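J.: The structure under discussion is supplied below as structure tokens; questions concerning it will follow.
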Amino acid sequence: MNNLVAPEINTENLPDKKGYFGEYGGSYVPPELQKLMDEITESYERISNDPSFIKELKELNEHFTGRPSPIYHAKRLTEAVGGADIYLKREDLNHTGSHKINHAIGEVLVAKRMGKKKVIAETGAGQHGVALATAAALLGLECDIYMGEVDVKKESPNVSRMKILGAKVIPVTEGTKTLKDAVDAAFKAYLAHPEDTIYCIGTVVGPHPFPKMVRDFQAVIGIEAKEQMAKLTGRLPDAIVACVGGGSNAMGIFSAFLEDESVRIYGVEPAGKGLDTGKHAASISRGIKGILHGFKCYLIADKNGEALPVYSIASGLDYPGVGPQHCYLHDIGRVRYETATDREAVEAFYALSRMEGIIPALESSHAVAYGVKLAKQMGKGKDILINLSGRGDKDIDFVMEHYPLSEYEPEDYMKDGYDEFLKHIGGEKN
């Protein structure tokens with residue numbers, strides 16, 4: 001990790017020069033695309049160590065994004081659960097509503113210094129698309145966003161935001177019409193016009209140097225959280241929890257704590273309708289090793305290594321692979337990867353909304369669901385920090401239409417401070 005965001009950690013200073021985290025990562029792309037990757041790698045290493053770049057990024061993080069994002073002690077939720085104290089890293093309060101703005105501004109700044117005129121990207125839930133469109137508008141670049149047709153309909157508020165910000169939203173109608181297909185389409189568009197454009201990937205996946213770049217820009221989350229928890233509690237948290245699709249928000253908060261052996265770290269994958277149903281996107285929990293979008297990782301695939309359709313209620317987690325550093329951290333046992341179902345995520349969505357006045361994104365709701373379960377297991381006297389990676393504005397209409405309150409909030413849950421309601425979070429209700 002360079003001096004852009006943090007001192008070096010000692011997890012073998014990964015990735016190596018070829019972009020590998022252990023056996024994962026790398027760059028499995030055609031020669032013509034590898035030349036472009038090499039250009040981006042060289043430019044990133046040079047630009048990200050330029051003091052003027054570091055200064056500009058820091059100023060934008062502070063005065064435009066609104067960093068540092070606060071940490072909030074969820075007292076009512078903690079009391080209702082009756083276990084460990086639950087804290088939230090409020091990335092939902094960033095400008096544009098999620099952690100995605102952290103790497104979007106960094107990527108567009110790099111693109112501008114490389115002399116590019118346009119940024120191209122994929123998006124699932126639309127949060128990366130909105131963040132990149134915002135950064136492009138701020139810095140004066142054109143912006144094309146590729147989005148699966150299914151997600152265009154599902155996340156219409158974010159589609160409107162991107163258009164208002166001046167981005168061109170291109171619906172992808174091939175394949176499953178979701179995030180994987182949006183990535184495919186964005187890469188094709190980038191290859192057609194590489195001279196004046198750059199592909200700005202939305203998470204810690206893809207060929208080197210993208211997993212490293214995005215992690216570096218997101219590491220600010222963990223750096224802040226470590227200092228903030230020390231001020232709030234006088235010590236490190238006992239556990240950290242974050243949702244994992246591609247894994248950018250998780251790597252952002254995990255990175256600062258990897259060398260702190262006392263801190264237990266949990267990544268929460270989307271179990272969808274259940275791990276045994278095939279309707280999920282739990283790449284580490286149920287995947288195999290293979291190549292996807294130019295890098296090696298765990299992925300949901302057939303016997304021939306071809307990626308299979310995946311599913312999650314959360315569009316931002318609906319991806320058949322996962323970042324290579326997550327794969328490595330799983331293999332060495334530093335991070336435990338657990339799961340939360342759609343049902344558990346929706347229950348957490350409503351619980352946090354009603355008990356703390358915070359409407360979380362469905363992606364973040366997976367982390368909240370597992371965090372509540374973990375709080376019960378760990379008991380009082382412990383602290384859990386959950387990365388609340390985004391707010392739920394984009395999901396409100398979808399949730400109310402498909403997961404109505406009447407099914408998640410029966411009248412007998414309405415008394416005693418939602419104690420009965422909270423009992424069902426974490427999988428106790430089918």
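The values are calculated or read from the model by the stated rules, or taken from the named source; none is laboratory data. All figures in this text were calculated on a predicted structure; none of them were measured in a lab. Virtual Cβ from ideal backbone geometry, glycine too; neighbours counted across all protein chains shown. Heavy atoms of the whole protein, side chains included, go into the accessibility calculation; ligands, DNA and RNA do not. Shrake-Rupley method; radii C 1.70, N 1.55, O 1.52, S 1.80 Å.
J.: Which of the numbered conditions does residue 90 fail, given that it passes all the others? Conditions: (1) surrounded by fewer than 20 Cβ atoms within 10 Å (Cβ to Cβ); (2) in contact with a Ser or Thr (Cβ under 6 Å, 6 or more places away or on another chain); (3) closer than 13 Å to residue 212 by Cβ.
T.: So residue 90 meets the others, but not (3).
J.: While we're looking at this one, here's another question. Which members of the stretch 153-175 meet the condition of being of a type in the set (Lys, Arg) and either in contact with a strand residue (DSSP E or B) (Cβ under 8 Å, 6 or more places away or on another chain) or farther than 22 Å from residue 119 by Cβ (or both)?
T.: Matches in the stretch 153-175: 153, 154, 163, 168.
J.: Would a scan of the stretch 142-151 turn up a residue that is within 19 Å of residue 90 (Cα to Cα) and touching a Pro at 6+ places or on another chain (Cβ under 8 Å)? Write out each step before concluding.
T.: Applying the first criterion (within 19 Å of residue 90 (Cα to Cα)) to the stretch 142-151 yields none.
So far as the stretch 142-151 goes, no, none of its residues is within 19 Å of residue 90 (Cα to Cα) and touching a Pro at 6+ places or on another chain (Cβ under 8 Å).
J.: Considering only the stretch 96-192, give the strands (runs of 3 or more DSSP E) lying wholly within it that have at least 3 residues that are among the β-branched types (Val, Ile, Thr).
T.: Numbers: elements: 118-123, 142-148, 168-172.
The qualifying strands (runs of 3 or more DSSP E) are 118-123, 168-172.
J.: Step by step: first the residues of the stretch 61-72, then only those that are part of a helix (DSSP H, G or I) and in contact (Cβ under 8 Å) with a residue 60 or more places away in the chain, then the one that is surrounded by the fewest Cβ atoms within 10 Å (Cβ to Cβ). Which residue is that?
T.: Step one: filter the stretch 61-72 for residues part of a helix (DSSP H, G or I), giving 61-65.
Checking which are in contact (Cβ under 8 Å) with a residue 60 or more places away in the chain leaves us with 61, 64.
On the way: 61: 20, 64: 15.
Looking at the filtered set, the residue picked out is 64.
J.: Taking the condition of a type in the set (Asp, Glu), within 25 Å of residue 237 (Cβ to Cβ) and surrounded by fewer than 23 Cβ atoms within 10 Å (Cβ to Cβ), does residue 79 pass? Show your work before the answer.
T.: Numbers: of a type in the set (Asp, Glu): yes; within 25 Å of residue 237 (Cβ to Cβ): yes; surrounded by fewer than 23 Cβ atoms within 10 Å (Cβ to Cβ): yes.
Here the answer is yes, as residue 79 does meet what is asked.
J.: Next question. In contact (Cβ under 8 Å) with a residue 40 or more places away in the chain and open to solvent by 40 Å² or more (accessible area, probe 1.4 Å) - does that describe any residue in the stretch 163-172?
T.: Of the stretch 163-172, the ones in contact (Cβ under 8 Å) with a residue 40 or more places away in the chain are 169.
With open to solvent by 40 Å² or more (accessible area, probe 1.4 Å) added as a condition, the list becomes none.
Scanning the stretch 163-172 turns up no residue that is in contact (Cβ under 8 Å) with a residue 40 or more places away in the chain and open to solvent by 40 Å² or more (accessible area, probe 1.4 Å).
J.: Quick test for you: out of 227, 174, pick the one residue that is charged (D, E, K, R) and either modelled with pLDDT under 95 or in contact with an Asp or Glu (Cβ under 6 Å, 6 or more places away or on another chain) (or both).
T.: Values: 227 fails: either modelled with pLDDT under 95 or in contact with an Asp or Glu (Cβ under 6 Å, 6 or more places away or on another chain) (or both).
Exactly one residue qualifies, and that residue is 174.
J.: Can you name the residue in the stretch 254-270 that is under 23 Å from residue 299 (Cβ atoms) and hydroxyl-bearing (Ser, Thr, Tyr) and is also surrounded by the fewest Cβ atoms within 10 Å (Cβ to Cβ) among such residues?
T.: Residue satisfying both the conditions and the ranking: 266.
J.: So if I check each of 303, 273, which one is open to solvent by 50 Å² or more (accessible area, probe 1.4 Å) and modelled with pLDDT of 95 or more? Steps first, answer last, please.
T.: Working: 303 fails: modelled with pLDDT of 95 or more.
Within the list 303, 273, the selection yields 273.
J.: A further question follows. Do any helices (runs of 4 or more DSSP H) entirely within the stretch 197-309 hold 1 or more residues that are closer than 21 Å to residue 99 by Cβ and in contact (Cβ under 8 Å) with a residue 60 or more places away in the chain, and if so, which? First the steps, then the outcome.
T.: Values: elements: 210-218, 220-233, 248-254, 283-286.
Per the criteria, 210-218, 220-233, 248-254.
J.: Assuming residue 145 fulfils every condition listed in (1) in contact with a Gly (Cβ under 6 Å, 6 or more places away or on another chain); (2) open to solvent by less than 10 Å² (accessible area, probe 1.4 Å); (3) modelled with pLDDT under 95 apart from one, which condition is it?
T.: All conditions are met except number (3).
J.: Right, next: Checking residue 286 against (1) open to solvent by 20 Å² or more (accessible area, probe 1.4 Å); (2) modelled with pLDDT under 95, which test does it fail?
T.: Every listed condition holds for residue 286 apart from (2).
J.: For residue 97, indicate whether it is farther than 28 Å from residue 195 by Cβ and open to solvent by less than 10 Å² (accessible area, probe 1.4 Å).
T.: Numbers: farther than 28 Å from residue 195 by Cβ: yes; open to solvent by less than 10 Å² (accessible area, probe 1.4 Å): yes.
Judged against the criteria, residue 97 is a match.
J.: While we're looking at this one, here's another question. Pick out the one residue from 49, 13 that is modelled with pLDDT of 95 or more and loosely packed, with under 13 Cβ neighbours inside 10 Å.
T.: On the way: 13 fails: modelled with pLDDT of 95 or more.
Criteria check complete, one pass: 49.
J.: Among 351, 340, 345, which is open to solvent by less than 10 Å² (accessible area, probe 1.4 Å) and outside any helix (DSSP H, G or I)?
T.: Working: 351 fails: outside any helix (DSSP H, G or I); 345 fails: outside any helix (DSSP H, G or I).
Being open to solvent by less than 10 Å² (accessible area, probe 1.4 Å) and outside any helix (DSSP H, G or I) holds for just one of 351, 340, 345, which is 340.
J.: Checking residue 152 against (1) open to solvent by 40 Å² or more (accessible area, probe 1.4 Å); (2) touching a residue at least 12 places away in the same chain (Cβ under 8 Å); (3) under 19 Å from residue 393 (Cα atoms); (4) among the β-branched types (Val, Ile, Thr), which single condition isn't satisfied?
T.: In the conditions (1) open to solvent by 40 Å² or more (accessible area, probe 1.4 Å); (2) touching a residue at least 12 places away in the same chain (Cβ under 8 Å); (3) under 19 Å from residue 393 (Cα atoms); (4) among the β-branched types (Val, Ile, Thr), residue 152 misses (1) alone.
J.: Is it the case that some residue within the stretch 311-318 is under 18 Å from residue 253 (Cβ atoms), open to solvent by 10 Å² or more (accessible area, probe 1.4 Å) and small (Gly, Ala, Ser)?
T.: Checking the stretch 311-318: at least one residue is under 18 Å from residue 253 (Cβ atoms), open to solvent by 10 Å² or more (accessible area, probe 1.4 Å) and small (Gly, Ala, Ser).
J.: I would also like to ask the following. For the stretch 356-401, give me each residue that is open to solvent by 10 Å² or more (accessible area, probe 1.4 Å), assigned to a helix (DSSP H, G or I) and touching a helix residue (DSSP H, G or I) at 6+ places or on another chain (Cβ under 7 Å).
T.: Answer for the stretch 356-401, where residues must be open to solvent by 10 Å² or more (accessible area, probe 1.4 Å), assigned to a helix (DSSP H, G or I) and touching a helix residue (DSSP H, G or I) at 6+ places or on another chain (Cβ under 7 Å): 356, 363, 376, 393, 398.
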